[in-house]
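Engineer: Handing you a structure now.
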Amino acid sequence: MERINLLGRTVAEMQNLMLELGEKPFKGRQLFKWLYNSLQPDFQQMTDLSLELRRKLSEQYIFEGIQPKKKSRSRDGTEKILFSLEDGNFIETVLIPDGPKTTVCVSSQAGCALGCRFCATGKIGFKRNLTAGEIVGQLLFIRRQYGPESFQNIVFMGMGEPLMNFSNLTAAIEIISSELGLSLSAKKITVSTVGLVPKIYELADSGLKVNLAISLHAATDDKRRAIMPVSRGYLLLELMDAARYFALKRKKRVTFEYILFEGFNDTMEDIQALSNLIKGIPCKINVLAYNPVGDLPYSRPSEGKLNEFGRLLYPRAPAVTIRKSRGLDIDAACGQLAGKYLKAS
Ligand code: SF4
């Protein structure tokens, strides 16, 4: 009999599993803790479960993580891990050390359907949604490899649009933030979206205490449509309403990501439009320089231009941060994740 992989099951699902096995549901919590918190995949070592239960589990189930295929390390310490999934798809995960803290940039889909014009993942097209297990598996691998203190923050800014994989994303967040699971507070988790308006409302109402980042990149509908086809579905004003709702409901500032493209969205007019757009929304703006991707027709602004943009925007926005590009030399920076697809084509 082929054994079933429990990777990605939530506490509630583990409790149901125990009921199916004729056991008390609380044993599901013990099993969950062994697997995700103690990182013990061997049922036989779970000493607070009966020998009979350990035997049943070993006969019918396994707990197997996802497998890395390649690791690359940038000169700035950023590390990119390429995972090969069971069906032959590839995803990438990036560890970004910053002083004493490390952030993990996690993928939520293999490829992406949204086709943002500046993005390497968008060029691949959509392969499939990751399972909750494949999302959590990226982090379990890092914990196993580098220890319990290996990361302090998670951003869903890797491959894919997380809100298009909503149920698996929220199941994964539940496992990550559970005290019995990876025990990382939801406050340390940021979900980044290109702006799927109905899903932003759903996330705000979900009860998950995660942060929200919205990839804005342009402050007028026309410009945004030129680089992000998905924005044809929603007006910027609708997106701003959703952002405001999230910020007020969750009592958290929303982050707007603004990639600066040379000669596209970097003028005083853009700054004015941006500051008008975000008026009244509790937010901060991260400005970052475009990271070049293959033959795509966009250019990276100079550092002087980037700083000047930030300096001029600063008095017109509640908070502005200029974000450094990390992992540029290993194609691990924002918008550059492509697994092996791009290189193979
Ligand atoms: S920027 Fe995000 S949403 Fe847009 S194509 Fe890339 S991965 Fe998809």
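Engineer: Based solely on its DSSP helices, what 222 nm [θ] is calculated for the chain when runs of n ≥ 4 H residues each add -39,500 (n - 2.57) and the sum is averaged over all residues, nearest 500 deg cm²/dmol?
Structural biologist: The per-residue figure over the chain is -9500 deg cm²/dmol.
Engineer: Over the chain, give the accessible area per residue in Å² for a 1.4 Å probe, as an integer. Write out the running numbers ahead of the final one.
Structural biologist: Values: 15180 Å² over 345 residues.
I get 44 Å² per residue for this part.
Engineer: Taking a threshold of 28 Å on the Cα-Cα distance, which of the pairs LYS249/LYS284; LYS279/LYS324; LYS188/LYS284; LYS188/LYS223 fall above it? It would help to have the intermediate numbers written out before the result.
Structural biologist: Values: LYS249/LYS284 17 Å; LYS279/LYS324 26 Å; LYS188/LYS284 16 Å; LYS188/LYS223 32 Å.
Beyond 28 Å between Cα atoms: LYS188/LYS223.
Engineer: Another question, if that's okay. Once both labels are modelled 7 Å past Cα along the beta-carbon direction, what's the GLN45-ASP205 spacing in nm?
Structural biologist: The answer from the label model is 4.4 nm.
Engineer: Can you tell me the FRET efficiency between LEU237 and ARG323 if r is taken as the Cβ-Cβ distance and R0 is 22 Å, rounded to the nearest 0.05?
Structural biologist: Details: r = 26 Å, r/R0 = 1.18.
For LEU237 and ARG323, the calculated efficiency is 0.25.
Engineer: Further, regarding this structure: Could you sort MET268, MET14 by accessible area so the largest value comes first, with the probe set to 1.4 Å? Could you put the intermediate results ahead of the total?
Structural biologist: Working: MET268 75, MET14 0 Å².
Ranked list, largest accessible area first: MET268, MET14.
Engineer: From the P(r) of the chain, can you give the percent of Cα pairs sitting at distances over 33 Å?
Structural biologist: On the way: 17452 of 59340 pairs.
Percentage above 33 Å: 29.
Engineer: At 1.4 Å probe size, with no ligands or nucleic acids counted, give the accessible surface of TYR201 in Å², nearest ten.
Structural biologist: 70 Å²
Engineer: Right, another one. Working with all protein chains in place, sort ARG54, ARG73 by solvent-accessible area computed with a 1.4 Å probe, largest first. Numbers along the way, then the final one.
Structural biologist: Details: ARG54 30, ARG73 155 Å².
Sorted by accessible area, descending: ARG73, ARG54.
Engineer: Let me ask you something else. How high is the relative contact order of the chain, in percent, counting Cα pairs under 8 Å that sit 6 or more residues apart? If you can, show how the numbers build up before the last one.
Structural biologist: Working: 672 pairs, mean separation 53.9, N = 345.
Reported as a whole number, the value is 16 percent.
Engineer: Another question, if that's okay. Relative contact order, percent, of segment 222-345 when contacts are C-alpha pairs under 8 Å separated by at least 6 residues? Intermediate values should be presented prior to the final figure.
Structural biologist: Details: 142 pairs, mean separation 28.4, N = 124.
So the answer I get is 23 percent.
Engineer: Next up: Using r as the Cβ-Cβ distance of THR220 and TYR146, and R0 as 56 Å, what FRET efficiency do you calculate, to the nearest 0.05? Write out the running numbers ahead of the final one.
Structural biologist: Working: r = 43 Å, r/R0 = 0.77.
According to the calculation, E is roughly 0.85.
Engineer: Over segment 166-297, what is the relative contact order in percent, taking alpha-carbon pairs closer than 8 angstrom and at least six residues apart?
Structural biologist: On the way: 168 pairs, mean separation 29.7, N = 132.
Contact order relative to length: 22 percent.
Engineer: Taking R0 as 30 Å, what FRET efficiency do you get between GLN272 and LYS249 from their Cβ-Cβ distance, rounded to the nearest 0.05?
Structural biologist: Working: r = 29 Å, r/R0 = 0.96.
Using R0 = 30 Å, I get an efficiency of 0.55.
Engineer: Under the classification rounded if a/c is under 1.5, otherwise prolate if a/b is larger than b/c and oblate if not, where does segment 152-281 fall, given a ≥ b ≥ c as square roots of the Cα gyration tensor eigenvalues?
Structural biologist: Details: a/c = 2.05, a/b = 1.91, b/c = 1.07.
It comes out prolate by the Cα gyration axes.
Engineer: So for segment 67-344: antiparallel DSSP bridges make up what percent, rounded to the nearest 5?
Structural biologist: On the way: 20 of 44 bridges.
Approximately 45 percent, going by the DSSP bridge assignments.
Engineer: Moving on to the next point. Just name one of TYR36, GLY115, ILE285: the one whose Cα is farthest towards the positive end of the charge dipole of the chain (beta-carbon charges, Lys/Arg +1, Asp/Glu -1).
Structural biologist: Comparing the listed Cα positions along the dipole, ILE285 ranks first.
The values are calculated or read from the model by the stated rules, or taken from the named source; none is laboratory data. Predicted, not measured: the structure shown is a model, and the values here were computed from it. Every residue, glycine as well, gets a Cβ built from its backbone with ideal geometry; the counts of neighbours run over all protein chains shown. Ligands, DNA and RNA are stripped out before the accessible areas are found, and what is left, the full protein with its side chains, is counted by its heavy atoms. Shrake-Rupley method; radii C 1.70, N 1.55, O 1.52, S 1.80 Å.
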